[in-house]
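*Asks:* First the structure, which I've put down as structure tokens, then a few questions once you've had a look.
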Amino acid sequence: ITNLHTTFNVAFAIVNKEDEEAYTWLVERLENLRVTETVDQQICLWHVLKNVQSEVKRKWNWPDGQQPPQQALREQEEEDNHMAWQHLIDQFAEHQEPAVSYILSTYFPWRKHFLECFTRQNRNFGVRVTSRTEGSHKELKSYLLNSRAELRFLASRVEQLVKDQEASYNAKRGEEATRQLGQYSSCRWMGDLRYRLSRKALGLVAQQHRICHSRVKSDLGQTASQRRSEPPPECTGAFRHQFGLPCSHDIERKLRSNQELSYLDTHPHWHLEESLAANDPLVAIEEP
Ligand SMILES: [Zn+2]
């Protein structure tokens, strides 16, 4: 996933079966290409939900009149999630033994790799699912005339797909640059983020700004003892860690000390190749 949120495939591989051996081989090839940093392993949430649903439907004892609970897989807070698993065991382990023991043995040990309350502790830039890879696979198929293509033809189609991905990235880069200057030029608090980060990243930062903005504004010109607004909830560092962008607490600190954000405090994943400052008519006005 690029800084503009488009898809770009760094590698393609052909394997004759989808098993552990083939998967290991693939990962080793990727490591040789040095395209992977140290990464946190995640399992695709979409596939987990799909598999659990179909398996549980088969194993569920329906005459019971109860629907299978989904909370254990969906609860967003770690503590609530913990309770949901406990609830699943307490309520259903006895009467729904096959379904519950299936979930407990197959998915519970791996929960930290796909449940959002855990995976958002990873530096994953918000990615939870592998659907983009599925999408590229499907797209590549559409580049082929049929499923029995010759290897050389397949290779040339892969090359074409990558070229097209690059072209659509470049087209989007131009569009996004114009849109983000229109949208964020006047946001001085953003500092050079406006020109150095992609619009996708700025959208995330703007959301964090909204969380603290009204509080900072209502405290303006008040001494600490006069301030009426609630203090913010304590910073867990989760947002900054997951996205590599300043969280509402970071922004609040900057606003209160009358400082602007700096792109040096953000993860390079979001950086644009070239600063947009030269294209912004407002820059000339702001800096005499
Ligand atoms: Zn924070």
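The values are calculated or read from the model by the stated rules, or taken from the named source; none is laboratory data. As the structure is a computational prediction, the values presented were derived from the model and not from experiment. Ideal geometry is used to build each Cβ from the backbone, glycine not excepted, and the neighbour counts take in all protein chains shown.
*Asks:* Only one of these is in a helix (DSSP H, G or I), surrounded by fewer than 18 Cβ atoms within 10 Å (Cβ to Cβ) and not charged (D, E, K, R): S225, S147. Name it. Step through it out loud before you land on a result.
*Replies:* On the way: S147 fails: in a helix (DSSP H, G or I).
Within the list S225, S147, the selection yields S225.
*Asks:* Can I ask one more? Considering every residue within the stretch 195-214, establish whether at least one is part of a loop (DSSP other than H, G, I, E, B) and either under 28 Å from Q121 (Cβ atoms) or more than 16 Å from the ligand (Cβ to nearest atom) (or both).
*Replies:* Let us first name the residues in the stretch 195-214 that are part of a loop (DSSP other than H, G, I, E, B), namely 198.
Remaining after also requiring either under 28 Å from Q121 (Cβ atoms) or more than 16 Å from the ligand (Cβ to nearest atom) (or both): 198.
Looking for residues that are part of a loop (DSSP other than H, G, I, E, B) and either under 28 Å from Q121 (Cβ atoms) or more than 16 Å from the ligand (Cβ to nearest atom) (or both), one finds at least one in the stretch 195-214, hence yes.
*Asks:* Restricting the search to the stretch 5-33, which residues are assigned to a loop (DSSP other than H, G, I, E, B) and closer than 14 Å to H137 by Cβ? Let's see the steps before the verdict.
*Replies:* Pass one, the stretch 5-33, residues assigned to a loop (DSSP other than H, G, I, E, B): 5-19.
T7, N9, A11, F12, A13, I14, V15, E18 - these are the residues of the stretch 5-33 that are assigned to a loop (DSSP other than H, G, I, E, B) and closer than 14 Å to H137 by Cβ.
*Asks:* Looking at the stretch 247-258, I want the residues that are within 9 Å of the ligand (Cβ to nearest atom) and have a partner that is outside any helix (DSSP H, G or I) with Cβ atoms under 6 Å, at least 6 apart or on another chain. Which pairs are those?
*Replies:* Qualifying pairs under 6 Å: H249/C235.
*Asks:* Please determine whether any residue of the stretch 212-221 is crowded, with 16+ Cβ neighbours inside 10 Å, under 25 Å from L282 (Cα atoms) and without any contact (Cβ under 8 Å) to a residue 24 or more places away in the chain.
*Replies:* no
*Asks:* Assess whether S229 counts as being modelled with pLDDT of 80 or more, more than 16 Å from the ligand (Cβ to nearest atom) and not acidic (D, E).
*Replies:* It is false that S229 is modelled with pLDDT of 80 or more, more than 16 Å from the ligand (Cβ to nearest atom) and not acidic (D, E).
*Asks:* What do you reckon, is R240 in a helix (DSSP H, G or I), within 16 Å of the ligand (Cβ to nearest atom) and exposed (fewer than 14 other Cβ atoms within 10 Å of the Cβ)?
*Replies:* For R240, the condition - in a helix (DSSP H, G or I), within 16 Å of the ligand (Cβ to nearest atom) and exposed (fewer than 14 other Cβ atoms within 10 Å of the Cβ) - is not met.
*Asks:* Enumerate the helices (runs of 4 or more DSSP H) found wholly within the stretch 67-135, keeping only those where 3 or more residues are at pLDDT 85 or above and among the polar types (S, T, N, Q).
*Replies:* Qualifying helices (runs of 4 or more DSSP H): 78-92, 97-106.
*Asks:* Against the conditions (1) touching a Gly at 6+ places or on another chain (Cβ under 9 Å); (2) of a type in the set (G, A, S); (3) within 16 Å of the ligand (Cβ to nearest atom), where does S262 fall short? Just the number, please.
*Replies:* For S262, the failing item is (3).
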